[in-house]
1. Read phi for every residue in segment 306-321 and hand back ³J(HN,Hα) as whole Hz from Karplus 6.51 cos²θ - 1.76 cosθ + 1.60, θ = phi - 60°, with x for Gly and Pro.
2. Would you mind giving the three semi-axes, in whole Å and largest first, of the ellipsoid equivalent to the chain according to its Cα gyration tensor?
3. At 10 °C and 1.306 mPa s, what whole-number value in µm²/s does Stokes-Einstein give for the translational diffusion of segment 35-109, with Rh from the Kirkwood sum over Cα pairs?
4. List the pairs from 34/265; 122/374; 95/265 whose alpha-carbon separation is above 28 Å, in the order I gave them.
5. Rounded to whole Hz and in sequence order, give me ³J(HN,Hα) for segment 152-164 from the Karplus expression 6.51 cos²θ - 1.76 cosθ + 1.60, θ = phi - 60°, writing x for Gly and Pro.
6. Considering every Cα-Cα pair within segment 276-421, what fraction, in whole percent, is farther apart than 21 Å?
7. With every protein chain in place, what's the accessible area of residue 73 (1.4 Å probe, Å², nearest 10)?
8. Of the accessible area of segment 120-239, with the probe set at 1.4 angstrom, what percent is carbon plus sulfur?
Amino acid sequence: MKILISALFLMLLLPVLSIAQEANYDETKVPEFKLPDPLTTFNGKKVKSVKQWEKKRRPELLQFFTENVYGAVPGELKIHDINVVEESANALNGKAKRKQVTLTFKKDAKELDFTILMYTPKTEEKVPLFLGYNFYGNHTITEDVNVQISSAWVRDNPSFGIVNNQLTEQSRGVRTNRWALEKIIDAGYGLAVIFYCEVDPDKDDMTDGVHPFFYVDDQQQPANNEWGAISTWAWGLSRALDYFEQDADVDASKVIVFGHSRLGKTSLWAGATDQRFAGAISNDSGCGGAALSKRCFGETVARINRSFPHWFCGNFKNYSNNEQALLVDQHELIALLAPRPVYVASAEEDRWADPKGEFLSALYASPVFELYGKTGITQQEMPEVNHPIQSTVSYHIRTGVHDVTDYDWEQYIRWADNFIK
Ligand code: GTR
């Protein structure tokens, strides 16, 4: 009887134990792993020139990430309508111009639109611009009452006044702390933001957002190699860039794609898939973003696939508890940005995102940047906290938690001044 009870107890406990194993915080439990060399092709040939990288290695890496990690965009969908819904030459106490631009997409009876909120410095010249998604609607990044409240689905957050998946006036300005808007404008940059759920709601439902635009017959979800949510969000950023190419205020050759956390995974993938982006910033992007998967530290592939089954493509599930079988790791995602500047940032207390794994990714991506004559990360050891390393590949770890702070933005601006502006 005793044995039976213990066996039963163990059976009940097993799922809990395996969940615990999916998040490791012990450096001694990091498995031995061999990272693929970004400059050796899948069939073992050394890449010695930019030409070999661009003709052979880059395409095969991009294809692997596309088919096995984020998923392919199944077709083309161009902007159908551009509608400037509101603008002002005198926003932010006379400091900036503001524009709210809705992009509409149509196919058969389907229609989708999302709105870009942009602030640009008051100048006649076209300006470089940071572009990024926000988590709770454009009106949350500023107290500016002229910013419209989105009606898209959003996860409830009663402390922000988000109830029944609807945004309300109460959520205005609740995320100003994450967007150093005045600093950005004062430094001569524009800032453009989009509410990510307008492109694809962040839930495990592949019948909403932009996904169904490409379904054939009664298809309900993407094929295993087709796009998860991160790919749809990256797609949306590229469509915003299509728009900037015709906007009089923006220098479309100097658009830096920025993102925090899941949206940092997205900014890296957007930068990798769309070489028009001048640079990319990953703020605390962690697993499936800048952090190496094979270290299995903090959040793991198994854990992220279980908590967020809709973020990656179906094929990525093959690597849950099987990271060592991946033919790539995330340093090669960063390498896909080369030779464009890329910034990887971590936070000391954000162990879930594995700061060390994020640093190592930036370090091991660097040889590809060096092939182009650019400077990557040249030191093997992580820098001290609040001591950024800035070059074409940049990295910092700051004090504090998983968040975006003024400190982060100050570093991004300084880096953009030197490597993009
Ligand atoms: C967490 C997730 C992380 C990160 C974060 C976020 O729950 O495990 O990978 O993406 O969410 O986006 O806020």
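The values are calculated or read from the model by the stated rules, or taken from the named source; none is laboratory data. Not measured: the values here are computed from a predicted model. Cβ: placed from backbone, ideal geometry, glycine included. Neighbour counts: every protein chain shown. Side chains included, ligands, DNA and RNA excluded: accessible areas come from the protein's heavy atoms. Shrake-Rupley method; radii C 1.70, N 1.55, O 1.52, S 1.80 Å.
1. Each residue's phi maps through the Karplus curve to give 7, 6, 10, x, 8, 6, 10, 7, x, 4, 5, 5, 4, 9, 5, 6 Hz.
2. Working: eigenvalues 217, 144, 101 Å².
Here the semi-axes work out to 33, 27, 22 Å.
3. 94 µm²/s
4. Working: 34/265 23 Å; 122/374 33 Å; 95/265 32 Å.
Pairs exceeding the cut-off: 122/374; 95/265.
5. Whole-Hz 3J(HN,Hα) from phi for segment 152-164: 5, 4, 8, 5, 4, 8, x, 6, 9, x, 9, 10, 6.
6. Numbers: 4352 of 10585 pairs.
Percentage above 21 Å: 41.
7. 60 Å²
8. Numbers: 2010 of 4620 Å².
With neighbouring chains kept in place, the figure for segment 120-239 is 44 percent.
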